[in-house]
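Presented below is the structure to which this report refers.
The values are calculated or read from the model by the stated rules, or taken from the named source; none is laboratory data. All figures in this text were calculated on a predicted structure; none of them were measured in a lab. Here the Cβ positions follow ideal geometry from the backbone for every residue, glycine too, while neighbour counts run over all protein chains shown. What goes into the accessible areas is simple: the full protein's heavy atoms, side chains included, and nothing from ligands, DNA or RNA. Shrake-Rupley method; radii C 1.70, N 1.55, O 1.52, S 1.80 Å.
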Amino acid sequence: MVLIPVTTAAGDAMQCDLKLTGGSVVDGSGGPAFEADVAVSGDRILAIGDLSDVEAQRTIDCRGKTITPGFIDIHSHADWLLIDPDHHGLVEAFVRQGMTTVVGGNCGFSPAPVSETNLGGIKEASRLIVDAPVAPRWQTMAEFLDAVDEVGPALNLAELVGHGSVRAAVTGSLRPDPPNKDELAQMERLAREALDAGCIGISTGLGYPPGIFAEHDELAAFASWAAASGKLFTSHVKAYSWASGAYQADPTEQPHNLLAIREILDAARAGGARLQVSHLIFVGHNTWPTCEDAIAMIEQARAEGLDVAFDAFPYTAGNTTASVIFPPELLPHLEQVLASPEQMEPLRAFGDATFERIGFHLRDIQIMHANAQAFDRYDGMFVGDAAEAAGMDIWDFYARLVVESHRNARVLIHKYSGSDEDQRAIETVVSHPLCTVETDTFLTATGHQNPASYGTFPRVLSTYVARGLLSFEEAVHKMTGASADRIGLGDRGRIAEGAAADLVVLDRSALADTATFDAPASYPSGIETVIVNGRPVLDDGRYDGEARAGRVLRA
Ligand SMILES: [Zn+2]
């Protein structure tokens, strides 16, 4: 029941639906915690302060507890999940972390727009992210967003339109040459339609086809369309390792990952866009030391007037497709290369040499889900162990994994910004004031899971705070107010009168992440109640899979 607040005359009791009393409020601004009650009416925060006179339909006693805004996952890929009418059980893992809003459409890959040209590709590639291939019953972004609302999502969704999906809708996914004038005009129409439909920005995925083929002018054009609507331009940049097959230049002169950041800064500047560098990671032991230079480059661009920031997850591994390791020139005919012993030989030599340089190996890749029947028994294993179990050479094994999964083997790549022994780079990134927190995760019912699906936000709030890397208030800010500001949804991510009633009640003394790489599917402790648009979806530890309290947040 929704009550309109009534203050008929001075002194009359105000009424609300829900009152959280006696908690320590961390309001998402980064400012210090304060003691207060919080009143919710409908889907909004009605009042904050001493609200002992306010009558409530229901009161939750928060003494000894902390009240924060709901957490925003600024990079989630969960749009592919929320379109599934049966997602509510699976996303319990998100709600139990305190998440109330996810950003989807990341890394250039959104489920819309759909054309005859990219329909097959969308279906096929969705197998990477979700259990069953997504069968689009929409074409435009407006239709997709309406379809999510019809499902009734468990969480709120803010959507980016993917450059990759737009380009693939016009030219297909594997055509390397730049779009001609007419094609670019078609892309502009599709991108602008999506932005007008309520997308919060444009994403790019320059490590995957077709984004991997995009050059400066094309990227600057997309950035300018985002800018024209006042929205964000985000980028999975072309390289995250010190030496990468994506560039021919000598990495000892300019590390390739820094080159990639330079390129996207230039594109954003040329297009006049606000830029978000997605998952600022440093792949391979020898790439970790470039972390300070990368951050300095971003800070310098900011000092020169570009509105740029970045995001990261607090784990030294991340999920992606097994085919991500191959250089762009092989992608249009990768299967042919992998099937040919003559072509595999130089590829193996090149791969080993490049990995050696960056301080990485195929053995650092863990299979989440092979997505190919003959290989599914290796789910959860590292590639070296799996190859040994299969009695195969490691490169032959990996090549077959990629081919038989139709490039959709889901893997967890380790040595991202650190290892169990060396956490310096990852700690520097996550605790930096320009960094917002993300999961960047693929949450599925099948296969081995990414611990980020279960523990990301509690991990930053407990482990990172306990290590003294940042204050609790700063940590909350990075997953609430700061994220809301980046995506342009000013009424989320804060506890303020009139703001959306997305709230978390947690017990700091019990707060802990429990998910590990070996046993990732483990809920955190300490998150007690999660309220989405005024409705408790996690209620004193009980998850309500029927709530459907989320909605699409259109900007
Ligand atoms: Zn990405």
Problem set entry | Candidates G526, G534, filtered to the one that is modelled with pLDDT of 95 or more and touching a helix residue (DSSP H, G or I) at 6+ places or on another chain (Cβ under 7 Å) | G526
For this session: With the condition kept exactly as written, say whether any residue in segment 64-72 is open to solvent by 20 Å² or more (accessible area, probe 1.4 Å) and either acidic (D, E) or over 25 Å from the mean Cα position of the chain (by Cα) (or both).
Result: yes
Problem set entry | Every residue from segment 175-195 that is in contact (Cβ under 8 Å) with a residue 40 or more places away in the chain and either open to solvent by less than 10 Å² (accessible area, probe 1.4 Å) or part of a helix (DSSP H, G or I) (or both) | L190, E193, A194
For this session: Please verify whether segment 226-235 includes one or more residues that are outside the structural domain of L347 (by TED's automatic domain parsing), without any contact (Cβ under 8 Å) to a residue 60 or more places away in the chain, among the hydroxyl-bearing types (S, T, Y) and within 16 Å of the ligand (Cβ to nearest atom).
Result: yes
Exercise. For R357, are the conditions met, namely being part of a helix (DSSP H, G or I), farther than 30 Å from V103 by Cα and modelled with pLDDT of 95 or more?
Worked result: no
Seminar exercise, completed: Checked segment 462-504 for anything in contact with a helix residue (DSSP H, G or I) (Cβ under 6 Å, 6 or more places away or on another chain) and open to solvent by less than 40 Å² (accessible area, probe 1.4 Å); matches are V465, L470, F472, A475, M479, R492, G493
Seminar exercise, completed: Screening A125, A78 for residues that are within 16 Å of the ligand (Cβ to nearest atom) and closer than 18 Å to A484 by Cα leaves only A78
For this session: Filter segment 299-313 down to residues that are assigned to a loop (DSSP other than H, G, I, E, B) and more than 16 Å from the ligand (Cβ to nearest atom), then give me how many there are.
Result: 4
Exercise. Looking at segment 408-415, is at least one residue open to solvent by less than 10 Å² (accessible area, probe 1.4 Å), touching a residue at least 60 places away in the same chain (Cβ under 8 Å) and among the small types (G, A, S)?
Worked result: yes
Exercise. For segment 196-235, how many residues meet the condition of being aromatic (F, W, Y) and assigned to a strand (DSSP E or B)?
Worked result: 1
Problem set entry | Residue within segment 275-284 that is over 20 Å from the mean Cα position of the chain (by Cα) and either modelled with pLDDT of 95 or more or surrounded by 18 or more Cβ atoms within 10 Å (Cβ to Cβ) (or both) present | yes
Exercise. Could you list, in sequence order, the residues of segment 236-286 that are under 21 Å from S419 (Cα atoms) and within 16 Å of the ligand (Cβ to nearest atom)?
Worked result: A239, Y240, S241, S244, N257, S278, H279, L280, I281, F282, V283
Exercise. When only residues in segment 41-60 that are touching a strand residue (DSSP E or B) at 6+ places or on another chain (Cβ under 6 Å) and open to solvent by 50 Å² or more (accessible area, probe 1.4 Å) count, which is nearest to the ligand (Cβ to nearest atom)?
Worked result: R58
Exercise. Which one of the conditions (1) farther than 22 Å from V283 by Cα; (2) within 28 Å of the chain's Cα centre (by Cα); (3) at pLDDT 95 or above does V411 fail to meet, given that it meets all the rest?
Worked result: (1)
Seminar exercise, completed: With the first residue restricted to segment 420-432 and required to be free of Cβ contacts under 8 Å to residues at least 60 places away in the same chain, and the second required to be surrounded by fewer than 20 Cβ atoms within 10 Å (Cβ to Cβ), Cβ contacts under 7 Å at 6 or more apart or on different chains are E427/L469; S431/L469
Exercise. For V102, all conditions in the list (1) of a type in the set (V, I, T); (2) modelled with pLDDT under 95; (3) within 16 Å of the ligand (Cβ to nearest atom) hold save one; what is the number of the exception?
Worked result: (2)
Exercise. From the residues in segment 196-221 that are within 16 Å of the ligand (Cβ to nearest atom) and over 18 Å from the mean Cα position of the chain (by Cα), which one is surrounded by the most Cβ atoms within 10 Å (Cβ to Cβ)?
Worked result: P210
Problem set entry | Meets criteria (more than 16 Å from the ligand (Cβ to nearest atom) and either more than 13 Å from I365 (Cβ to Cβ) or part of a loop (DSSP other than H, G, I, E, B) (or both)) for D422 | yes
Seminar exercise, completed: Note on segment 212-229: residues in contact with a Gly (Cβ under 7 Å, 6 or more places away or on another chain) and of a type outside the set (A, V, I, L, M, F, W, C) are S224
Exercise. Among the residues of segment 250-274, how many are in a helix (DSSP H, G or I), surrounded by 17 or more Cβ atoms within 10 Å (Cβ to Cβ) and of a type in the set (K, R)?
Worked result: 1
